[in-house]
Amino acid sequence: MYIVRYGELGLKGRNRKFFEELLIKNIEKKIKKDGKEARIELARGRILIYGENLEDSLSKVPGIVSYSLADEMEYEEIFPYLQKELQNYNPKDFKVEAHRVDKSFPKKSPEINEEVGSFIVEKFKWKVNLKNPELIVGIEIINSKAFVFFSKNRGVGGLPVGSAGKLLLLISPGMDSSVAGFMMLRRGAEISALHFSQGEIGEKKVRKYVEKLSEFSPREIELKVIPHRDILGKYAEKLKNMRKERWTCVLCKYLMLKEAEKYAKKIGALGIITGDSLGQVASQTLNNMYSAQIGNEMPVYRPLIGMDKVDIEKIAREIGTYDIFISEKEEKCPFRPRYVSVQTNVERFKEILKDLGL
């Protein structure tokens, strides 16, 4: 069986029950989606899951801070259990880390630590190290029962998907947008995705991103694909004739956001997610992001705005999208000019839009 721990949910006051029930539903859906079965119980700030081989499933459920494979027993059974199980270990030092989740249990955590620790020293002669031990014997007291474990696995953290409403992810073959989608999933947003395709290679990568992100969602993430040429083609030619090619990238982002807003309203989303990171590419200066967004009524969320490439790459590796990113080099944008405007003036951009009939 597994002990599941959650963090922020415990601080939600009167809404705590809603978040706990949603997290349990999401865990159930994820386990079922992975073709497995389990029985789930809510118990005093912990979720107890009775099933086997669930580590991969639990590692991808937003809202779970950590989880442990544990054995459940009466308190008195801890000692013969450890005498048998610890024969499989030979650490240079150890510590006992007890947590009395059930405050009605008569023994307090320090008392449990001392009692169990003394037993282990007596039986195995191991040294105690409270700061950086090689082995940690974990004990949690829940509903008057003892749950013993030897490892604590990190979860996704954050909030349960669906607790914050629905958003539309504007996703590209680059690395950043898929990470942005993951960041909002772990903050409780349910997401759908929209891609403006420039070719088969890029579109194939995007579909793989969406498949990977769906592993962190209780349901499969929907993807809508629109040919990039359909929204920019005729306007790119007009810009060229106007000798305003430098504005192409800003205009492209403007048109994509406008199209994204139409689709977001259609599916009931409350905003748009982009992978913008300040200063990384020409269209991601403050001036250009401001200009590109002037036609939108709906909010645009940029969870990566203050992150650098190293930060973003680290998360991409952790969630499994980095290997997809480097797998193939996608098609180049056929409309990108040799030189682009990096510090656009919004009033001048409005004039250009008017000249384009937008």
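The values are calculated or read from the model by the stated rules, or taken from the named source; none is laboratory data. In this text, all values refer to a predicted model and were calculated from it rather than measured experimentally. Cβ sites come from the backbone with ideal geometry, for glycine too, and all protein chains shown count toward neighbours.
Entry remark, region 159-170: residues being in a strand (DSSP E or B) and over 22 Å from Ser59 (Cα atoms) number 5 in total. Taken as a whole, region 309-331 holds no residue that is surrounded by 15 or more Cβ atoms within 10 Å (Cβ to Cβ) and free of Cβ contacts under 8 Å to residues at least 40 places away in the same chain. For Ile324, the requirement of being of a type in the set (Val, Ile, Thr), outside any loop (DSSP other than H, G, I, E, B), assigned by TED's automatic domain parsing to the domain that holds Ala269 and within 28 Å of Lys166 (Cα to Cα) is met. From the list Val156, Val210, the lone residue that is free of Cβ contacts under 8 Å to residues at least 60 places away in the same chain, in contact with a Ser or Thr (Cβ under 9 Å, 6 or more places away or on another chain) and outside any strand (DSSP E or B) is Val210. Scanning region 33-72 for residues that are modelled with pLDDT of 95 or more, part of a strand (DSSP E or B) and small (Gly, Ala, Ser) gives Ser66, Ser68. Scanning region 73-91 turns up at least one residue that is in a strand (DSSP E or B) and either exposed (fewer than 14 other Cβ atoms within 10 Å of the Cβ) or in contact (Cβ under 8 Å) with a residue 24 or more places away in the chain (or both). Here Gly117 clears all of (1) over 21 Å from Ile141 (Cβ atoms); (2) modelled with pLDDT of 95 or more; (3) of a type outside the set (Val, Ile, Thr) except the condition numbered (1). Among the residues of region 209-228, is any of a type in the set (Lys, Arg), farther than 23 Å from Arg302 by Cβ and either modelled with pLDDT of 90 or more or not assigned by TED's automatic domain parsing to the domain that holds Ala189 (or both)? Yes, that holds for at least one residue. Here region 178-192 is the region considered, the condition is being surrounded by fewer than 24 Cβ atoms within 10 Å (Cβ to Cβ) and of a type in the set (Gly, Ala, Ser), and the residue that is modelled with the highest pLDDT is Ser192.
Checking each residue in region 213-231 for being over 15 Å from Ser177 (Cα atoms) and in a helix (DSSP H, G or I) picks out His228, Arg229, Asp230, Ile231. The lone criterion from (1) more than 23 Å from Gly7 (Cβ to Cβ); (2) modelled with pLDDT of 95 or more left unmet by Val161 is number (1). Do we find that Met242 is buried (at least 18 other Cβ atoms within 10 Å of the Cβ), in contact (Cβ under 8 Å) with a residue 12 or more places away in the chain and assigned by TED's automatic domain parsing to the domain that holds Arg302 in this structure? Considered against the rule, which asks whether it is buried (at least 18 other Cβ atoms within 10 Å of the Cβ), in contact (Cβ under 8 Å) with a residue 12 or more places away in the chain and assigned by TED's automatic domain parsing to the domain that holds Arg302, Met242 comes out as no.
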